[in-house]
Structures are given as structure tokens and as C-alpha cells.
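Worksheet for the structure shown next.
The values are calculated or read from the model by the stated rules, or taken from the named source; none is laboratory data. None of the values given here were measured: they were computed from a predicted structure. Here Cβ is always computed from backbone atoms with ideal geometry, including for glycine, and neighbour counts include all displayed protein chains.
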Amino acid sequence: MTNKRKAVALISGGLDSLLAARVIQEQGIHVEGINFYTGFCVEGHTHAIRKKDRARPKRNNALWSAEQLGIKLHIVDIIEEYKDIVINPKHGYGANLNPCLDCKIFMVHKAREWIDSHDFDFIITGEVIGQRPKSQRKDTMPVIAQESGADDLLLRPLCARNLPPTRPEREGWVDREQLFGFEGRTRKPQMALANTFGFEEYAQPAGGCCFLTDQTYSRKLADLWKARGERRYELDDIMLLKVGRHLRPHPDFKMIIGREDGENKFLEGYRKQYVHLFTTTHRGPLVLIDGEVNDEGLELAARITARFSQGRDAELVDVEVHTLDGEQQVFRVRPIAGAAIPGGWYL
Amino acid sequence: MTSHRLDARRMLCPLPVIRTQDRVAQLPAGDCLTVCCTDPGAVHDIPAWCRVNGHELLDIQHENGEILIRLRVGEE
Ligand code: SF4
């Protein structure tokens, strides 16, 4: 081979994409990584907000994978374009609001655009037939290849032997005999392969790569859409869904209540954009109001805020309310009793 | 050699890394960039990103709750 072939690997930070990239590197191909940031990625966010999460060792798994492989990693912000995938997935959702199949198609499509503009030859992913019930099945593999526009430039080194030969195999850029035929939900072949490559401390397979697979998170997102009367979101919305306790005491507004100092500090950054409340006679949370709220609603919000402060058992608690026009007023309220908060208010 | 500054305050990882990457892509090798951030995750992620992509981490300073990460742009 005179001309060294180049492949871009979709790097999620999990074991499968790490292995797929290494398998292709072993064949003398120049590999670089690409990682997509949708705004919903579990990576990174929450650890920065909550103190208890800060204590955990933190790393960006995609960067860690790239470092193990000794390859460059290109992180691509797809926040804006991804909205349409979440809002209108052609192939529907998984168990929660995770549009996995559309998401895969979109990411491979972006990778296809990337190889065209960077003069790379093909794309690799860590997909394994049967590994995920919705997006990684034998019948979805060709759908992803076709609808993404990658066609036979999409090679899945971990299950290629169970699929028709792709162009990199047919042209002899890679040796099909040295690829794998993994299938099904078992992780054993991947772990054995990780062993042979000497990979340790790789990210363990979790439920998925993003918050959209999380039931509670998806419920909060569905509530947001319902309350707004349309399926729409901004980056700030989806960040705030990861933070605090969310309560909807009224169809027109919900409260985002900081659970500890780290979250209160994070929420402080949103004070200019949201009506917000905090207790002044006792230590307590910072609370943002998302939606339209009248005086009656503010009084209720103040009583709930007091409930989540250290004045929960006090006779009266002062709560300062700041509205968007910069006005502030103080409500002296009796904290609402825990039993008076219907379970249905908690999102 | 020119010095540049990037404001990535209030952004959560990996956004400070993405903004750093996009800014570095516009700079010639040898220039310095100081990234100002507030997410403590950036202390790990930006140096890892530098190692992976061939840029030199110069230093990290903490100032009034902000983190200043200085790097030198590497060759392509
Ligand atoms: S879990 Fe999230 S990021 Fe992963 S394929 Fe599904 S929708 Fe996409």
C-alpha cells in the first residue's frame, strides 16, 4: 500500500468504540477520532455542579479513549442541529426520549461530511449486532449506512464478519479476516479483546451515552414540552433539567430548587433570566421559576421555598422574590407542610 | 508570538474544550491562548485535549473562583 489510508472513528468514550479504533489501527490505518456533543451527553456536566459528584475522579471518556489510542480527537458541537433529531425522530424513540436510531444515522452522516472535507477514506464505529435492542440490530445496520449517506464506507470492525463486505474490505484497505463477528448482548468478547490490547479502566457500559435514556430526565423534558405547548428547547433548558429538584405546583410554572451549595451556585448564573426566590431569615435554596407566575403563585412558591429551607419548622420565614423587571419584594410566609405537597408536583 | 484570551466562564464541560479547540484551529503554531473557565472539569479536560492534539499546556492558575488555563498552539 503506497498511500496510507485514513479512517475516522466515532469515539463515544465506551469500550466498543475504543476497540473498533484499535483493531483498525492494528492494520496500519491512520485513525483519528470524532466525538459529538449533543448537549445531553452524560459526560462532564453534573460532576461540575454537585459537590458530592466533584469528589469523584472525573475524566472525559472520549478524550481518555483518544489518549489510550494515541489519536487526535475532534469534538463537534451539534447542539443546534441535534434538536430536530430529538424533537422529530423519524424512527421514533427508545424506552424513553432517546431517538437512538436517528441519532446514530445523524452522527454517521456528520462523520461522512467530515471525511469528505478532511480527505479521509472511511468511517468506523464500535457497533455490534444485537448489542442494543433498538439501534444495533441486524436490520438497522444497513439503515444507518444508507440513510446517513455513508453507505459502504461505514465499517464496523467488531461485527464486520457478520455483515456484507464494505468498500475498505473489498479494496483491500483492511483485511476482513482480521475483523470480528461479535453478536448479541454479551460483553465477554469485548472484554477479552480489551485484555489482549492491554486496556484497563475503560468506561463500563451504562444504560446509554446520554441523559435521554434516563427515565426521570425524559419525564422532565416531556413536562417542559407540555407546559410550553410545543416541542422546543434551548441549551439552558436541557442544562437546567439536570440540576435541582423540579416541582410543578401549577400548569403555568415550575420551580427549580437547588439541593445544595453547588447547585445553588450554578443556578445563580440564571438569576437575570428567571424570576427567583430565596429565604433571608434562614439558610435555604435558590429557586428559579420557569413560566408565568402571578402574585398568588408567588406566594405559593415562597411557601414551598421556605419548606426546603432550614426554616421548614419555623412559624414564619421571609422569602425574597426578584422579578424579571428587577423589582424585589419580601413575602413573610408559613412554610408549606410536607403533606400538603402532592406527589404529582414532583417531576 | 501573540497571546489571546478565551472566555469560557459558566460553560460546562465539554463546552470549554470545544470552544478552545475551535479557537486554536484559527491560531498559528506558537501563539498562546489563555482560557478562562469556571467548570473545574476543565482542569482535566483541557490538558487532556492538549496532550491528545499536540498542544503544550503552559500553566493553570486559580483566581477568584476562576480557572485560567494557558496553552501554546502546536504544529498541525
Ligand atoms: S443513547 Fe443518546 S447519544 Fe447514544 S445513540 Fe441513543 S440518543 Fe444517541
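Annotations for the structure displayed:
- Residue that is surrounded by the most Cβ atoms within 10 Å (Cβ to Cβ), among those in region A:149-199 that are over 20 Å from A:G130 (Cβ atoms) and under 26 Å from the mean Cα position of the chain (by Cα): A:A150
- Considering only residues in region A:232-265 that are within 16 Å of the ligand (Cβ to nearest atom) and either closer than 22 Å to A:L298 by Cβ or assigned to a loop (DSSP other than H, G, I, E, B) (or both), the one that is farthest from the chain's Cα centre (by Cα) turns out to be A:Y233.
- Of the residues A:W114, A:W64, the single one that is at pLDDT 95 or above and not β-branched (V, I, T) is A:W114.
- Residue selected from region A:219-231 under the condition part of a loop (DSSP other than H, G, I, E, B) and surrounded by fewer than 14 Cβ atoms within 10 Å (Cβ to Cβ), by the criterion nearest to the chain's Cα centre (by Cα): A:E230
- Criterion (more than 13 Å from the ligand (Cβ to nearest atom), touching a Pro at 6+ places or on another chain (Cβ under 8 Å) and either within 14 Å of another protein chain (Cβ to nearest Cβ) or basic (K, R) (or both)) met by exactly one of A:I71, A:I75: A:I75
- Sole exception among (1) buried (at least 21 other Cβ atoms within 10 Å of the Cβ); (2) facing chain A (nearest Cβ under 10 Å); (3) not in a loop (DSSP other than H, G, I, E, B) for B:L12, by number: (3)
- Taking the criterion of being surrounded by fewer than 24 Cβ atoms within 10 Å (Cβ to Cβ), more than 16 Å from the ligand (Cβ to nearest atom) and touching a residue at least 60 places away in the same chain (Cβ under 8 Å), the residues of region A:120-148 that qualify are A:F120, A:D121.
- Qualifying residue in region A:110-119 (condition: within 15 Å of the ligand (Cβ to nearest atom) and surrounded by 16 or more Cβ atoms within 10 Å (Cβ to Cβ)): yes
- Summed over region A:87-113, the residues that are within 28 Å of A:A7 (Cα to Cα) and β-branched (V, I, T) give a count of 2.
- Flag if A:D152 is away from every other protein chain (no Cβ under 14 Å) and either in contact (Cβ under 8 Å) with a residue 60 or more places away in the chain or within 16 Å of the ligand (Cβ to nearest atom) (or both): no
- Scanning region A:200-218 for residues that are within 16 Å of the ligand (Cβ to nearest atom) and either modelled with pLDDT of 90 or more or surrounded by 17 or more Cβ atoms within 10 Å (Cβ to Cβ) (or both) turns up A:A203, A:G208, A:C209, A:C210, A:F211, A:L212, A:T213, A:D214, A:Q215, A:T216, A:Y217, A:S218.
- Matching option when the condition is small (G, A, S) and either under 29 Å from A:T213 (Cα atoms) or not assigned by TED's automatic domain parsing to the domain that holds A:C41 (or both), among A:G181, A:G172: A:G181
- Restricting attention to region B:51-72, the residues that are within 14 Å of chain A (Cβ to nearest Cβ), surrounded by 15 or more Cβ atoms within 10 Å (Cβ to Cβ) and in contact (Cβ under 8 Å) with a residue 24 or more places away in the chain total 3.
- Any hit, region A:278-297, residues being touching a residue at least 60 places away in the same chain (Cβ under 8 Å), in a loop (DSSP other than H, G, I, E, B), of a type outside the set (A, V, I, L, M, F, W, C) and surrounded by fewer than 23 Cβ atoms within 10 Å (Cβ to Cβ): no
- Exclusive hit being closer than 27 Å to A:Y202 by Cα and not charged (D, E, K, R), set A:G92, A:G130: A:G130
- Residue in region A:325-338 that is at pLDDT 95 or above, among the hydrophobic types (A, V, I, L, M, F, W, C) and within 29 Å of the chain's Cα centre (by Cα) present: no
- Qualifying positions in region A:12-44 - assigned to a loop (DSSP other than H, G, I, E, B), within 12 Å of another protein chain (Cβ to nearest Cβ) and either acidic (D, E) or farther than 11 Å from A:C209 by Cα (or both): A:G39, A:E43, A:G44
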